[in-house]
Amino acid sequence: MKKNILFFTLGLSVSFILAFNVFNPNKQAEVNEYEGKLIFSDCQPTNKNYEIVGEEKLGTLYNGMSYQTLKKKLVKKTQKSSIQFDGIILEDDGTGQNFKGILIKFK
């Protein structure tokens, strides 16, 4: 009897730990799609089952553009390449002047 209670308590504890670590609502988001590509701006996919298949640098040429214009230019530029990808992680160098798109493909 004590053994059953111990296993039940242990199982319940593990369930709560996993529920709060895996299903943390603060670490999930819905990402917008533009022209069939997922755009991750200042974030990473919560699904870590992806590989980086390329990178497209925009540089300072696009400094001062709106986010919408920057996104359109980046998607247009990446679609000219022959790389097959599912999404783009949009990043800057911390200064807000040099932008790059990391091309990812989900497995």
Taking region 48-60 on its own, how many of its residues are loosely packed, with under 10 Cβ neighbours inside 10 Å and at pLDDT below 80? 0
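Take the residues in region 90-107 that are over 14 Å from residue 33 (Cβ atoms) and crowded, with 20+ Cβ neighbours inside 10 Å, then tell me which one is modelled with the lowest pLDDT. Break it down into steps so the answer makes sense when it comes.
Going through region 90-107, the residues over 14 Å from residue 33 (Cβ atoms) turn out to be 91-103, 105, 107.
Add one more test, that the residue is crowded, with 20+ Cβ neighbours inside 10 Å, and what stays is 99, 101, 103.
Numbers: 99: 78, 101: 86, 103: 91.
Checked region 90-107; the qualifying residue modelled with the lowest pLDDT is 99.
How many residues does region 75-92 hold that are part of a loop (DSSP other than H, G, I, E, B) and out of contact with any strand residue (DSSP E or B) (no Cβ under 8 Å at 6 or more places or on another chain)? Reasoning before the result, please.
Start the filter on region 75-92 by keeping residues that are part of a loop (DSSP other than H, G, I, E, B), which leaves 80-86.
Now drop any that are not out of contact with any strand residue (DSSP E or B) (no Cβ under 8 Å at 6 or more places or on another chain), which leaves 80, 82.
Number satisfying all stated conditions: 2.
Report yes if residue 31 is part of a strand (DSSP E or B) and either at pLDDT 85 or above or within 11 Å of residue 88 (Cβ to Cβ) (or both), otherwise no. Before you say what the answer is, go through the steps one by one.
Working: part of a strand (DSSP E or B): no; either at pLDDT 85 or above or within 11 Å of residue 88 (Cβ to Cβ) (or both): yes.
No, not satisfied.
The values are calculated or read from the model by the stated rules, or taken from the named source; none is laboratory data. Predicted, not measured: the structure shown is a model, and the values here were computed from it. FYI the Cβ positions are ideal-geometry reconstructions off the backbone, even for glycines, and counts take in every protein chain you see.
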